[in-house]
Amino acid sequence: MAFEFLLPNTHLRPRLACELAPAGVVAARLNDTPQTATSFAALFAGALIPGLKTPNILDKAAVVAALKRALDAVDARDKRLTLVVPDAAARVLLLDFDTLPSKLAEALPVVRFRLRKLVPFEVDDAAISYQIMTQNADEARVLVTAMPRAVISEYEEAVRLAGYEPGVVIPSTLAALAALSEAEPALFVNLNGSSVTTAITRGDELLLHRSLELPDDETLHDEELRHAVSVSIAYFEDTLSSIPNAVFYAGPGGAPELSRVLELEQFRIRDLTSAAVAGTGNVPKGLMSGVSGALAS
């Protein structure tokens, strides 16, 4: 699967990617051999708290140092990279339009106008990308990603201070979905810091993208996570008249941890990215999906 506006010009895309998350920085570089060079640099709690307002990066020195450690460890000769950011730092929406101009310069103002009542930030100078999921004579369903300019600039600045150059910037779940090779409809759960995103795909079409913040209290956190997944399973059943063959997961602890929390014995929980993909690095289980998708061909 490849969402084209997020992963443009495959042959020109950087062979280097990193994901910035509250837990730390994951870096990965494609080698000429089948093995990918990977690395992880942890962040202390509170150094990075993603959201739609600045600052997201509360300890710039710590975040820049973690970026440099992780990226230097994969021996990146080319300093240009794909940057994966937390879902909570952006808004991803599926919108229906009666029609959308074919030219980017004409379509973007239409998309921006629609977003004005849908996102809690100024859209005129926000970073906005879109991709048409489906289109017929009467309607176009469009995947839109919007990120406040000040927020995206904050992440890009940290990367530059670490000595690297950000190219494409991708929210975590949309990056990870590019690593999902399922042709059949699939349900994906991405736990990233204190937020969870659930997504449903059918081939190369995104049917659902739903993000929400989870409480800090561990008991309430697990209850809200179970509820979020249950709502998405119900949507899957209503929309596709079937149940998922498996629930794919990216997040701390990997599939065993999500299985423990969900207690859904009727569903098989699978890691979106296998542990083997972690390659040469020290990446904790469950945290490779974003960079794997960002580097997917």
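The residues Y235, Y249, when put in order of fewest to most other Cβ atoms within 10 Å, stand as Y235, Y249.
Just to be sure I follow the definition: excluding the sites themselves, where is the longest run in the chain that has none of the GluC sites (Glu not before Pro) in a DSSP loop with at most 15 other Cβ atoms within 10 Å? With a cap of 15 other Cβ atoms within 10 Å, the longest stretch comes to 140-262. Over all other residues within a Cβ to Cβ distance under 14 Å of C18, the charged ones net out to +2, with Lys and Arg as +1 and Asp and Glu as -1. Of M147, M288, M133, the sequence from fewest to most neighbouring Cβ atoms within 10 angstrom is M133, M147, M288.
Among H227, H221, H209, a tally of other beta-carbon atoms within 10 Å of each Cβ gives an order, fewest to most, of H227, H221, H209. This structure gives Kirkwood radius over Cα pairs in Å, computed directly, and of [x] 20.2; [y] 18.6; [z] 19.4 that value is listed as [z].
Dipole magnitude for the range 90-144: computed about the Cα centre from +1 point charges on Lys and Arg Cβ and -1 point charges on Asp and Glu Cβ, it is near 140 debye.
Between L81, L214, L118, the residue with the greatest mean-square fluctuation in the GNM of the chain (Cα pairs under 10 Å linked by springs) is L118. Karplus-derived 3J(HN,Hα) values for the range 216-231, using 6.51 cos²θ - 1.76 cosθ + 1.60 with θ = phi - 60°, are 6, 4, 4, 5, 5, 4, 5, 5, 5, 5, 4, 5, 4, 5, 4, 4 Hz; glycine and proline are entered as x. For trypsin sites (Lys or Arg not before Pro), the sites in the range 50-155 that DSSP calls loop and that have at most 13 other Cβ atoms within 10 Å are K53, R77, K103, R116, K117.
Overall, the range 182-275 carries a charge dipole of about 280 debye about its Cα centre when +1 sits on the Cβ of Lys and Arg and -1 on the Cβ of Asp and Glu, all other atoms neutral.
Shape of the range 33-90 from its Cα gyration tensor (a ≥ b ≥ c, root eigenvalues): rounded if a/c is under 1.5, otherwise prolate when a/b > b/c, or oblate? Prolate, because a/c is 1.5 or more and a/b exceeds b/c. For the range 160-297, a Kirkwood hydrodynamic radius built from all Cα pairs, placed in the Stokes-Einstein relation at 20 °C and 1.002 mPa s, yields a translational diffusion coefficient of 138 µm²/s.
Normalising the average separation of contacting C-alpha pairs (under 8 angstrom, six or more residues apart) by the number of residues puts the relative contact order of the chain at 22 percent. DSSP beta bridges fully contained in the chain are about 75 percent antiparallel. In this simple spin-label model, placing a label point 7 Å from the Cα along the Cα-to-Cβ direction at both I132 and E184 gives a separation of 3.1 nm.
Every read-out reported here was derived from the displayed coordinates using simple, explicitly stated rules and does not represent laboratory data. What you are looking at is a predicted structure, and each value in this text was computed from that prediction instead of being measured. No Cβ is skipped: glycine too gets one built from the backbone with ideal geometry, and neighbour counts run over all protein chains shown.
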